[in-house]
Amino acid sequence: MTLDELRPDHRATVVALEIRGVQRRRLMDLGLLPGTEVRVDMTSPLGDPTAYLVRDALIALRRSQARAVHIEVHDDEPGRR
Amino acid sequence: MPGPELPTAPDAGPAHGACTSCAIYNSANLRKLGVETGTYDYVAAVAGNPNTGKSTVFNALTGLRQHVGNWPGKTVARAEGGFHYHGHGYKLVDLPGTYSLLSTSNDEEIARDFLLFGRPDVTIAVVDATRLERNLNLVLQILQITDRVVVALNLMDESERHGITIDVRHLARELGVPVTPMAARKGQGVPELLESVEQVARGTVATRAHRVKHRDPRLERAVDVLAGQLQQTFPGLPSTRWVALRLLEGDPGTEQAVRDGTLGDLGRGIAGPEATSARPTGTAAR
Amino acid sequence: MSNAHLLDHAARLRDDLPADFQEGIVESIYSDAAAISSSTVSRDSQRARLTADRLLDRALTHRVWGFAVMGVLFFAVFWFTIAGAAGPSGLLYTLLVEGGHAWLRDGFVALGSPGWLTGIVIDGAYLATAWVIAVMLPPMAIFFPLFTLLEDFGYLPRVAFNLDRLFSAAGAHGKQSLSMMMGYGCNAAGVTATRIIDSRRERLIAIITNNFSICNGRWPTLILMGTIFIGALAPPALGSVVAAGSVVAVAVVGVLTTLLVSWGLSKTVLRGQTSTYSLELPPYRPPQLWRTLHTSLIDRTLFVLRRAILMAAPAGVVIWLLSNITVDASSIAAHVVDALDPLGLALGLNGIILLAYIVAIPANEIIIPTILMLTMTLGSNLFGAQDGVMLELGSAHTETVLIQAGGWTLLTAINLMLFSLLHNPCSTTILTIWNETKSLKWTTVATLLPLTLAFAVTFLTATTARLAGWI
Ligand SMILES: Nc1nc2c(ncn2[C@@H]2O[C@H](COP(=O)(O)OP(=O)(O)OP(=O)(O)O)[C@@H](O)[C@H]2O)c(=O)[nH]1
Ligand SMILES: [Mg+2]
């Protein structure tokens, strides 16, 4: 499953980034790397981008990028408030 | 040498004989010099992730009014100012926010170049206390290249509101450099920050920066070897371990700079007093 | 070791390393960071974001409310600006333009100053300066603090978040909306702000289109036109609301133009891949009222005003000289205006407006004073007034000057608003574009593309209006 499919308030852990080069670096700089826990916080009124909670910061990513982030959804959903 | 006395200067120090190390005494020794850096003894850089309050810290120390705004990316150029503390002149350089020194992104080039090759005497790493973990990413990278770091643990007021407590002494021990909690917007923690900056600048405090160990021993060795060779070929080049990593990655810009020998000039133009505040500073490395 | 050897050695060492060794580096840094952080930080609640922040975000990025609030906020900013500035602007006009001018003029004449000197200093330099202050100071003093409050609160990134889909569809970078918003203060600042965009292609798009963010130098033109020609169509009680509406409408046209031109560029000369977009949304922070007021008044408003004055005084001298040096029985200005009139009228403007835009290339701020001064001189010549007695009409209201002496219509006003929105950037911005791009080609494109667009659009509206028989 990829990050763009994660439903609001659900939590997941990143398992792999399916992009190379600069784009991959960017995501890692933002703290998004395998093992990182993420949660969907809110979606833009026009449907894209979506803001994710990553290491306590709210980071907006476009769907095209979120699609490259493979995740594993946590069982105890929906995420704790 | 001290610059001219400015009207913004706070009142002179209190009576002598008072506790000379207490915070109040010290902040009274601060003379904000605005843009009047004149000649200075030390250069201090203000670095950190975007929107952590770097410009606010810069303003608190220099008395300038560098624009601040609540969004990442407000500052896009280097700004310089000065202050005078305990008889020493400091030039303070406010940098744009950056997430990482390892990336090659153009938007972070100015900050990256100055930290790596601007040879600041002290780097003030401004950190968002409510997001310590992600901010430490950059701090640890800075600590890879220099020991002369003071961590300004900013936004303490917000972290308190969020119910976050930080063991500052433990953090300082882990990082191996001074850590000063502050709320720059309210001016809190400024005296302590000054004290730490002075100690690090003058080398009166022992720092032992936390160095991240690469998991792969081969990498560790490759970096060591290459950094050593760089040191020989380009004497005086700062951040050789960082440059070595770049070469191992095969970064075309860095390779070019090695080939044509411009690597040795890296940072000369950045550190000099003639650098202007409004100009972007390109490197030879790209 | 020679430099080439060093590279060879690096390549050899690289061969020994796993392909993804860089990843390993980032990972080890993060794992150290996580370890240090978890051993130093303790939370008494698991809440990462404050509930208030979350609730506010739900509203401000809501499907319906998000846009409604955005519209209301921006409308309110302009309405406050227009309604609030009217009184002080009128007062400054009375004091500086009418009173001060007459008083200084009398003083000069009493001191025996020759006509040309009085003309250059008082009717030229002083008058233009006084006018710039009257039309610019009050709106700026209201607009800047309001905008800075929104900025300090943390609202701008939310706007970027809400609008991103549109920018993405236009092939532009998501952070372009941030540089666009900076352009509402000053385009030169907006162009510099594009540095937050990493990719060169997307950055160029942002630079070229920044011109369609109306800068402070252009607000007064829009406000004046909106007030005199459009607000006046509504019942008096609604005047300022309608005027604000018209200014917001022009700003919205500006955003649409930005999107359209970005789209055009990204489909043609600036084709390429969309780069990574990531925007960190900061927490909301209560703005510091006092500091904001202080900084935006002292730093921004006065700074902008100073620049306007520095530009206005010499421009005033130029205008006076143009209007008073006669060649073949009429002034240079009259000749130029005559020559420009056909083009101007075809664009739904007139020769005076075009001449004003030429005089005002250094700074947009002086457009309105220039137009008014030229209209009065040339217009009063039409009425048979004597040379140099520019202010025969001075006591009349600006609108009387424009309508009676200038022959302006609603079309002139609307097209001036459009022209003001679209035309080429000011000299400072052009210089900044050069500094940021170091490319003659892109600086030229950024200068001429808007100008061409301005001509095309005003020609279109004028022709339509004419064919439809509206004028
Ligand atoms: N509550 C609180 N807010 C602060 C503090 N320090 C800074 N801020 C606010 O944080 C926001 C960012 O401050 P800046 O100084 O512009 O941050 P910066 O690190 O220079 O940001 P960039 O230049 O964009 O990287 C502003 O809204 C400041 O008012 C603080 O100690 N407490
Ligand atoms: Mg800043």
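The values are calculated or read from the model by the stated rules, or taken from the named source; none is laboratory data. Bear in mind the structure is a predicted one, so any value in this text is a computation, not a measurement. Cβ sites come from the backbone with ideal geometry, for glycine too, and all protein chains shown count toward neighbours. In case anyone asks, the SASA skips ligands and DNA or RNA and just uses the protein heavy atoms, side chains included. Shrake-Rupley method; radii C 1.70, N 1.55, O 1.52, S 1.80 Å.
Against the numbered list (1) in contact with a Ser or Thr (Cβ under 9 Å, 6 or more places away or on another chain); (2) more than 14 Å from chain A (Cβ to nearest Cβ); (3) within 30 Å of C:Lys175 (Cα to Cα), C:Ser331 comes up short only at (3). Checking every residue in the stretch C:163-172 against the condition of being under 21 Å from B:Thr104 (Cβ atoms), within 13 Å of chain A (Cβ to nearest Cβ) and in contact with an Asp or Glu (Cβ under 8 Å, 6 or more places away or on another chain) gives zero matches.
Would you confirm, using the coordinates I've provided, whether B:Glu160 is within 13 Å of another protein chain (Cβ to nearest Cβ), closer than 26 Å to C:Ser31 by Cβ, free of Cβ contacts under 8 Å to residues at least 24 places away in the same chain and within 16 Å of ligand 1 (Cβ to nearest atom)? No, not satisfied. Got at least one residue in the stretch C:301-322 being touching a strand residue (DSSP E or B) at 6+ places or on another chain (Cβ under 7 Å) and not aromatic (Phe, Trp, Tyr)? Checked the stretch C:301-322: at least one residue is touching a strand residue (DSSP E or B) at 6+ places or on another chain (Cβ under 7 Å) and not aromatic (Phe, Trp, Tyr).
In the stretch B:76-108, of all residues being more than 10 Å from chain C (Cβ to nearest Cβ), open to solvent by 20 Å² or more (accessible area, probe 1.4 Å) and assigned to a loop (DSSP other than H, G, I, E, B), the one that is farthest from ligand 1 (Cβ to nearest atom) corresponds to B:Gly87.
Selection of helices (runs of 4 or more DSSP H) fully inside the stretch C:36-122 by the criterion of at least 1 residues being open to solvent by 30 Å² or more (accessible area, probe 1.4 Å) and within 12 Å of another protein chain (Cβ to nearest Cβ) returns C:51-60, C:65-92.
Report, by residue number, each residue of the stretch C:256-269 that is at pLDDT below 95 and β-branched (Val, Ile, Thr). Selection gives C:Thr268, C:Val269. Can you tell me which residue in the stretch C:261-286 is surrounded by the fewest Cβ atoms within 10 Å (Cβ to Cβ), limited to those that are part of a loop (DSSP other than H, G, I, E, B) and facing chain A (nearest Cβ under 10 Å)? Top of the filtered list is C:Gln273. Number of residues in the stretch C:164-177 that are of a type outside the set (Phe, Trp, Tyr) and crowded, with 23+ Cβ neighbours inside 10 Å: the value is 7.
If you go through the stretch A:10-32 and keep only what is surrounded by fewer than 22 Cβ atoms within 10 Å (Cβ to Cβ), closer than 19 Å to C:Thr276 by Cβ and of a type outside the set (D, E, K, R), you end up with A:Val14, A:Ala16, A:Leu17, A:Ile19, A:Gly21, A:Val22, A:Gln23. For the stretch A:17-35, the set of residues classified as of a type in the set (D, E, K, R) and away from chain B (no Cβ under 11 Å) consists of A:Glu18, A:Arg20, listed by residue number. Within the stretch B:170-191, the set of residues being facing chain C (nearest Cβ under 9 Å) and away from ligand 2 (no atom under 16 Å from the Cβ) comprises B:His170, B:Leu171, B:Glu174, B:Leu175. The residues in the stretch C:135-189 that are closer than 27 Å to A:Gln65 by Cα and in a helix (DSSP H, G or I) can be counted, and the count is 21.
State all residues of the stretch B:51-74 that are in contact with a strand residue (DSSP E or B) (Cβ under 8 Å, 6 or more places away or on another chain) and either at pLDDT below 95 or under 18 Å from B:Val149 (Cα atoms) (or both); if no residue qualifies, say none. Correct list: B:Thr52, B:Gly53, B:Lys54, B:Ser55, B:Val57, B:Phe58, B:Leu61, B:Thr62, B:Gly63, B:Leu64, B:Gln66, B:Pro72. Within the stretch B:40-54, residues that are touching a residue at least 60 places away in the same chain (Cβ under 8 Å) and near ligand 1 (Cβ under 7 Å from one of its atoms) have Cβ atoms under 9 Å from residues that are part of a loop (DSSP other than H, G, I, E, B) and open to solvent by less than 10 Å² (accessible area, probe 1.4 Å) in these pairs: B:Gly48/B:Leu95; B:Gly48/B:Thr98; B:Asn51/B:Asn70; B:Asn51/B:Trp71; B:Asn51/C:Pro282; B:Gly53/B:Met182; B:Lys54/B:Leu95; B:Lys54/B:Pro96, counting only partners at least 6 apart in sequence or on another chain. Among residues of the stretch B:218-231 that are open to solvent by less than 60 Å² (accessible area, probe 1.4 Å), those with a Cβ under 9 angstrom from a residue that is of a type in the set (Lys, Arg), sequence gap 6+ or separate chain, pair up as B:Glu220/B:Lys213; B:Ala222/C:Arg14; B:Val223/B:Arg241; B:Leu226/B:Arg241; B:Ala227/B:Arg241; B:Leu230/B:Arg241.
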